[in-house]
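Derivation of every value follows stated rules applied to the coordinates shown; laboratory data play no part. No experiment lies behind these values; they were computed from the predicted model shown. Cβ coordinates were reconstructed from backbone atoms using ideal geometry, including for glycine residues, and neighbour counts include every protein chain displayed.
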Amino acid sequence: MGRVVKALDLGVDGLNVSLHSDSNYWRARVRLQSGKWITKSLKTESEKEATVLAVKLHTELTLNGSSMAKGKGHSFRKLADEVIQEIESAPSNNKSEKHYASLITKFTEHFFKDLEIESITNKNIQDYYRWREATYGALSKSSLNKHNIALRKVFTRAIGKDIPIRIDLRNLENNGSKASPRDAFTLEEIDRIQDHLIATKKTSPNPNERETAAILFDIMEFILCSGVRAGEEYYNVKWGDIQITLENGIPALRVIIKKGKTGPRPIIVRTSFIASINQMAKNFPERTKDDYLFRFKDGTRPSKENISRYFTNVLKRLNIRREGESVKTLYSLRHSFITWHLIDGIETFSLTKQCGTSVSMLEKHYEKVKVEDEIARLSGITNISDKSENEYSATKEASEKYKKNADRLYKELLNNCKERGFP
């Protein structure tokens, strides 16, 4: 036997695949249950074909006398449960791992169930792909990667327990669509959305819709003024997380985001949000530091899902939800904040701290943002030199009403902070 020219690591215990100097064909070396090793030529020069044939050969040889041959195969569900238990018992609070556990639960309960993992073939995997597309629709490449990683975890568990599998994990497909580019709203679109919400909360015959429009208006303002994520980050802000200070004569509105994706972080909120906070304070005169900021007047809260759904419906009504490949959502408000500030020349590192992200992430998703002479069209973002306008650039509805009273509003809420620790 000639020297080894190349060896493949397939991650299967008891299987070696290699190419030797004395032949153009790949060879597989398989360890039988007796402990004896046998070597066979795979009769192919293709590395990809050799991989498939080697796994198939390993399965055929090791199944002789195995538990599967005796009708005692290993349940996919049992192995999946072991993986889920391992993830949930891990001390790390890794959200990605928790998401994998959720995916494993879904495809176990609704597809693989108690199927013996040794019997799963490429045909089963193709059937799974069809089920996945029918269930979730056309997923992006990023989403498919997550599904594939979750599936690999179960099969890797089997391999680690010396359970033979019949598929090549490296061949899991990822034919997903390219992720939609992250798109920001234009000033005109923001105006149209706010006009619609203002009209709805004033004229809708449905009291629930009036309140939903009002609370969505405030949530919009908060995201546009802070760049927080549209989800847990805005949803879990409490009155006790807000601090209003006067530093060297300059008013500052600070919020601690306790449920941040990357952990707790302090943020600075644009002063224009002071009008919204003032109105919410009037709506809840008996508020405590443990009360949530975004609530209906009866104290209850809409779900995050309902808020996102209502916002999407507003975009559809206004015909501004889709533009080319991009689909705008509530999350696009955060993209707007980041895009506008990049155009305005804000230093990238400051934005990463404010938004709880990384420099590489900003460069990856906002590389097309260029500094252009379009400051006039940006929502609430003005030239830094225009100090008064920059500090008190209020919302469309509140600008005329509150600009002259901004100092008074600040002082009232500042006194509340001094007296009881929150606005």
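Quick notes
- Electrostatic tally near Leu42: other residues with Cβ closer than 9 Å to its Cβ, Lys and Arg +1, Asp and Glu -1, net +2.
- Seen from Gly2, the other residues with C-beta closer than 11 Å to its C-beta sum to a net charge of +1, counting Lys and Arg as +1 and Asp and Glu as -1.
- Highest mean packing comes first when the peptides 278-290, 207-219 are listed by Cβ atoms within 10 Å, giving 207-219, 278-290.
- Neighbour-count order for Lys40, Lys418, Lys153, fewest beta carbons within 10 angstrom listed first: Lys418, Lys40, Lys153
- Exceeding the 19 Å Cα-Cα cut-off - candidates Lys238/Lys304; Lys78/Lys141; Lys201/Lys282: Lys78/Lys141
- Gap separating the Cα centres of region 273-309 and region 180-255, nearest whole Å: 11
- Members of Lys146/Lys259; Lys202/Lys289; Lys36/Lys153; Lys106/Lys161; Lys56/Lys161; Lys6/Lys48 lying beyond 21 Å, as alpha-carbon distances in this model show: Lys146/Lys259; Lys202/Lys289; Lys36/Lys153; Lys106/Lys161
- Taking only the Cα atoms of region 76-171, the radius of gyration and Dmax are 13.0, 37 Å.
- Measuring nothing but how far apart in sequence close Cα pairs (under 8 Å, 6+ apart) lie, relative to its length, region 4-63 scores a relative contact order of 26 percent.
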